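Reading through the structure tokens given below for one structure.
What follows draws every value from the coordinates through simple rules; no lab data is involved. All values reported here derive from a predicted model rather than from experimental measurement. No Cβ is skipped: glycine too gets one built from the backbone with ideal geometry, and neighbour counts run over all protein chains shown.
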Amino acid sequence: APGAPAAAAGAPRALRTRDDAIRQLEDIADFFRRTEPHSPLAFTLDDAVRRARMPLPDLLAEILPDAGARRAMLTTLGIRVPE
């Protein structure tokens, strides 16, 4: 808009979508990979991005591998489970 201050160079982008947020997490992971290669933070963020892109059934199978426990959790949450 005319008269609006220009964004500072390197300022974070506005997050408008889920994809914008995931791309920003990737950028942050890259930053830590470059500046703190000894830190586990980049790997943790990479894993969060990978999981954010997974379909829910695959994510649940990964974080709760026991099918019976997974079914019980979904039932408790009121999520219909296919028979």
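In the neighborhood of Leu15, defined by Cβ-to-Cβ distances under 15 Å, what is the net charge if each Lys or Arg adds +1 and each Asp or Glu adds -1? Can you show the working numbers first?
Values: positive: Arg13, Arg16, Arg18, Arg23; negative: Asp19, Asp20, Glu26, Asp27.
Counting the neighbours of Leu15, the net charge comes to 0.
Fully extending the segment from Arg53 to Leu25 would add 8.8 nm, taking 0.36 nm per residue of separation and subtracting the current Cα-Cα distance. Summarising the label geometry, the points placed 7 Å from Cα in the beta-carbon direction at Ala69 and Glu36 lie 3.0 nm from one another. Here the contact order of the chain, divided by its residue count and restricted to Cα pairs under 8 Å and six or more residues apart, works out to 16 percent.
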